[in-house]
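Here's the structure we're looking at; comments come further down.
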Amino acid sequence: MPLRAFIDNEEIISIEQTDEQWDDIKRRIKTQETSLILPCCKQEGFLRKSRKGLKHFVHSKSNKTCDWKPESPEHLKAKIEIIKACKINGWKAIPEYSETNWRADVLAIQNEKRIAFEVQWSKQTFEETKFRQDRYRESNVRGCWFFRTAPKELRKYSHTLIANNEIPAFKIFKDEDSNITAQLSQTQLPLKSLVDNLLKRKIKFCEHIKLKHKQDVNIVFFKTSCWRCHKPQHLWTVEPDLRTACDRDFYVIGSLWDDDDIDKNSKIYEAVKQFLQTENGKHLKIGKLKYRYSKTVKNSYLSHGCFYCDAIFGDFFLNSEKLEGQNSSNSIVHKVEIEFGTMRKEGKHWCYSENGEFCE
């Protein structure tokens, strides 16, 4: 179902025509005042409406061949949503646009910028995808792909797509109402919305995941006892529900035998010491966070220790205790706002931000 044609050398997009314009074109073709030419093969075509009222063009019967391939309703619907998003943002959207050695489902143009949007509802190999992407690049066109089933080289074991700045690609779906949706990080949203955010530059490729600068943190104080003197006391940990700058989950994984554990963060430790001065915290017995020598690793590292005898509490053994403490009804939870500064970890992703704060 082509959406683009030429009448008297003037380009028209079917879905942009009003009913009155559509009927007038049909009349002019019928009376042979004009002819409609399809850009894919330079042959004549005519107008048609689907049962659901979608305006499109079809090929006239001819002995000449055309490499136009029939499109699924889902493919066509995705193209229409892309065109709508482009128009909203002031971009010219040309469906089925072709140059010397490539053809794009939708080419978006704004001044000198050009983006080729490609919808792959059927399977396509990585080699073919890269080949076509390279041709776009040679023409100074930015390619963006929407895959129903992406090549294995572009997806993870979980079938989510790998963020790749060289081949921007997003997974698309058809929901129960036959709407086309797209995956962005941990969220599914309408395809039109994703393209809208891309054109508004609210989505950006980032090499790292950055912790949100300021956010509420739950510090959990749980019961434990010393392995050496056996006296009961408390320790602390942080609930693993922190957020990134782009509001993704920031999974906190306890590190071993170094200073990178989130629980050892200087801002967290300062909040712990302040809580110990309050009515709710002054009865807690908690050892200092400091460097202690470990016979296990034969080195010193920033560690928890006993309030009474200062014995080191090894990171390896504390991992399970901290997890139990987070789930214990006897633990004390202290909510506090923390300014972390810059804290990030490796993680290529498509970063979404309403306010321009990205993870880079």
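The values are calculated or read from the model by the stated rules, or taken from the named source; none is laboratory data. Because the structure is predicted, anything quoted here is derived from the model rather than measured. Virtual Cβ from ideal backbone geometry, glycine too; neighbours counted across all protein chains shown.
Would you pick out the residues in region 95-130 that are over 24 Å from residue 153 (Cα atoms), surrounded by 15 or more Cβ atoms within 10 Å (Cβ to Cβ) and among the hydroxyl-bearing types (Ser, Thr, Tyr)?
97
Mind checking whether some residue in region 195-207 is out of contact with any Phe, Trp or Tyr (no Cβ under 8 Å at 6 or more places or on another chain), acidic (Asp, Glu) and assigned to a strand (DSSP E or B)?
Keep residues of region 195-207 that are out of contact with any Phe, Trp or Tyr (no Cβ under 8 Å at 6 or more places or on another chain), which gives 196, 198, 200-201, 207.
Now narrow it down to the ones that are acidic (Asp, Glu): 196, 207.
Retained after the next criterion (residues that are assigned to a strand (DSSP E or B)): 207.
Yes.
Consider region 208-240. How many of its residues are closer than 20 Å to residue 346 by Cα and surrounded by 14 or more Cβ atoms within 10 Å (Cβ to Cβ)?
6
Listed here are the residues, each with its yes/no results for (1) outside the structural domain of residue 140 (by TED's automatic domain parsing); (2) at pLDDT 90 or above; (3) part of a loop (DSSP other than H, G, I, E, B).
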| residue | (1), (2), (3) |
| --- | --- |
| 2 | yes, no, yes |
| 11 | yes, no, no |
| 37 | yes, no, no |
| 44 | yes, no, no |
| 51 | yes, no, yes |
| 58 | yes, no, no |
| 64 | yes, no, yes |
| 84 | no, yes, no |
| 100 | no, no, yes |
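Restricting to region 176-189, and then to whatever is more than 13 Å from the chain's Cα centre (by Cα) and not β-branched (Val, Ile, Thr), can you tell me which residue is farthest from residue 82 (Cα to Cα)?
Among residues in region 176-189 that are more than 13 Å from the chain's Cα centre (by Cα) and not β-branched (Val, Ile, Thr), the one farthest from residue 82 (Cα to Cα) is 176.
Looking at 119, 106, can you tell me which residue is touching a His at 6+ places or on another chain (Cβ under 8 Å), within 16 Å of residue 144 (Cβ to Cβ) and not assigned by TED's automatic domain parsing to the domain that holds residue 10?
Numbers: 106 fails: touching a His at 6+ places or on another chain (Cβ under 8 Å).
Residue meeting the stated conditions: 119.
Return the residues of region 151-181 that are among the charged types (D, E, K, R) and either farther than 27 Å from residue 134 by Cβ or in contact (Cβ under 8 Å) with a residue 40 or more places away in the chain (or both); say none if nothing qualifies.
Keep residues of region 151-181 that are among the charged types (D, E, K, R), which gives 152-153, 155-156, 166, 171, 174-177.
Correct list: 174, 175, 176, 177.
Of all residues in region 283-295 being over 17 Å from residue 331 (Cβ atoms) and without any contact (Cβ under 8 Å) to a residue 24 or more places away in the chain, which is surrounded by the most Cβ atoms within 10 Å (Cβ to Cβ)?
The residue in question is 292.
From the list 145, 121, exactly one residue is modelled with pLDDT under 95 and not β-branched (Val, Ile, Thr). Which is it? So that I can check it myself, show each step before the final result.
Working: 145 fails: modelled with pLDDT under 95.
The match here is 121.
One line per residue, one yes/no per condition, for (1) within 25 Å of the chain's Cα centre (by Cα); (2) more than 18 Å from residue 286 (Cα to Cα):
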site: 317; (1), (2): no, no
site: 329; (1), (2): no, yes
site: 334; (1), (2): no, no
site: 337; (1), (2): no, yes
site: 349; (1), (2): yes, yes
